[in-house]
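Structure record follows, encoded as structure tokens.
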2 protein chains.
Amino acid sequence: MQSRTPAGGRTPAGRTGRPRSAAADAAILAATREALVELGWSGLTLGDVALRAGVAKTTVYRRWQGKSELVTDALATLFDELVLPDRGSLRADIEGVVLQFARLLEQPATKTALMAVVAEATHDEALRGRIREKIVGRQKRLVVEGRRRAQQRGEIPDDSTDPGPQIDLIFDVIAGAVVHRTLVSCEPVDTDWAARFTTVLLDGLAVAGG
Amino acid sequence: MQSRTPAGGRTPAGRTGRPRSAAADAAILAATREALVELGWSGLTLGDVALRAGVAKTTVYRRWQGKSELVTDALATLFDELVLPDRGSLRADIEGVVLQFARLLEQPATKTALMAVVAEATHDEALRGRIREKIVGRQKRLVVEGRRRAQQRGEIPDDSTDPGPQIDLIFDVIAGAVVHRTLVSCEPVDTDWAARFTTVLLDGLAVAGG
DNA sequence: GGGCTTTCGCTACGACCCGTAGCGTAATGC
DNA sequence: GCATTACGCTACGGGTCGTAGCGAAAGCCC
């Protein structure tokens, strides 16, 4: 072996020998989330993760190159829980996704892992790619879906000629505000804050007031 | 000694003995920023910082409790460069501060340090306080100042009855969007993006389009 | 100058984690 | 049964951690 990647592909077809244990994958990822909560990024050791998962340390190193990759994958499993139920209006949809995202970020494992991984990625190109692939790209679907619904309802103009850039902008504004509020300013995202934020986002500062 | 804090107070009054070298403080902080760029958060060691600074390792430990505190202080010196020149309109002021903040975040030392410190802070109450005191609190002055000017110009309503919450909200929206764009989405904040962001912030999605 | 106090650079230390190698064993496909 | 791969286990050299102890240097105060 030398693939250095989680079992994932379920015995990659045309392979002989003992297949990797999917149960071990799940146990390692769960142990990683658990250890992150207790120890934080710099306190987390792969030896400890292996111990918690009931797995040999070498088994962890066979599948992930290091701490960064392991934590990124553990984080991705948490983000995939996000969904966007149709609440009937753009305002309600935004408030809903803001609160849902905030609840996700309230989980200690999520906040610790997200920031730590992004920090490591600043000087690791491969890790940046992994984050874009497994987290950012997967979550933009929420913005695309919400925008599509709002256009169908006639709540926002339908600039079907140039849809790309605005998606990214809106994604950064929403996700960035929630992350900053929660992790940098260290204050809660409650229904009141979500409502005020949505008002500013929909109506702008000139109307909503400074 | 047991103060465990940078020289700062310049021989804290009524102290005898050899005073701490302020030059050593500056050298250590500069070495920390330099090492962060080259090695990243997890690669940075206090022993290496001491070597770069031309200082004994023990001297570093006498002044800072650990990596987190040291990097937080090194980061604060970078953030203090931010200023808010009056550009004549709210739109121009926002675009100006967005671009200035983005240039700050483009520096490898800043982006690495900010995310790493926030990650550590998620499980370290004392560190959260240090960040609020030395970074977040100091930078909110930019929003306060910009808001005051806009109200004087009559560009936004003057809700002098309840100024508090909106300041925090706007701060999180602006800083969060720039940070998320730069560090999570890993795309540049140029004049075009700053203009589009400012339009959304001022006029809202309903007008600016989705 | 003499004495007191604190910081300085240096060295050494036990403890821990790293990431890998080597072994024998277990679980698959042919 | 045989080849192949993953598994658990042990052991290893190398590096960092944070602290302790030392003599020397640099300030204050008399």
Check: Within the stretch B:57-71, which residues are within 23 Å of B:Arg141 (Cα to Cα) and in the same structural domain as B:Ala31 (by TED's automatic domain parsing)?
Finding: none
Note to self: Of everything in the stretch B:98-134, what is within 9 Å of chain A (Cβ to nearest Cβ) and not in a helix (DSSP H, G or I)? Give them in sequence order.
What the structure shows: B:Thr122, B:His123, B:Asp124
Next item on the list: Please give the number of the condition B:Leu114 fails out of (1) in contact (Cβ under 8 Å) with a residue 24 or more places away in the chain; (2) out of contact with any helix residue (DSSP H, G or I) (no Cβ under 9 Å at 6 or more places or on another chain).
Entry: (2)
Notebook entry, point to check: Tell me, which residue of the stretch A:19-76 that is farther than 20 Å from A:Arg130 by Cβ and of a type in the set (Asp, Glu) is nearest to the other protein chains (Cβ to nearest Cβ)?
Noted result: A:Glu38
Next item on the list: Hey, can you tell me all the residues within the stretch A:174-192 that are within 7 Å of another protein chain (Cβ to nearest Cβ) and part of a helix (DSSP H, G or I)?
Entry: A:Ala175, A:Gly176, A:Ala177, A:Val179, A:His180, A:Arg181, A:Leu183, A:Val184
Note to self: A:Phe171 - would you say it is within 7 Å of chain B (Cβ to nearest Cβ), part of a helix (DSSP H, G or I), under 30 Å from B:Ile135 (Cα atoms) and modelled with pLDDT of 90 or more?
What the structure shows: no
Item checked: Which numbered condition A:Leu82 misses (of (1) within 16 Å of DNA strand D (Cβ to nearest atom); (2) within 30 Å of B:Gly176 (Cβ to Cβ)) -> (1)
Item checked: Those residues of the stretch A:142-159 which are more than 8 Å from chain B (Cβ to nearest Cβ) and either within 12 Å of the chain's Cα centre (by Cα) or not charged (D, E, K, R) (or both), in sequence order -> A:Leu142, A:Val143, A:Val144, A:Gly146, A:Gln152, A:Gly154
Notebook entry, point to check: Only one of (1) surrounded by fewer than 19 Cβ atoms within 10 Å (Cβ to Cβ); (2) polar (S, T, N, Q); (3) more than 16 Å from DNA strand D (Cβ to nearest atom) is not met by B:Thr59, so which one is it?
Noted result: (3)
Check: From the residues in the stretch B:19-33 that are surrounded by fewer than 17 Cβ atoms within 10 Å (Cβ to Cβ) and in a helix (DSSP H, G or I), which one is nearest to the chain's Cα centre (by Cα)?
Finding: B:Ala30
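The values are calculated or read from the model by the stated rules, or taken from the named source; none is laboratory data. Predicted model, so just to flag it, every value in this text is computed and none were measured. Cβ atoms come from the backbone with ideal geometry, glycine included; neighbour counts cover every protein chain shown.
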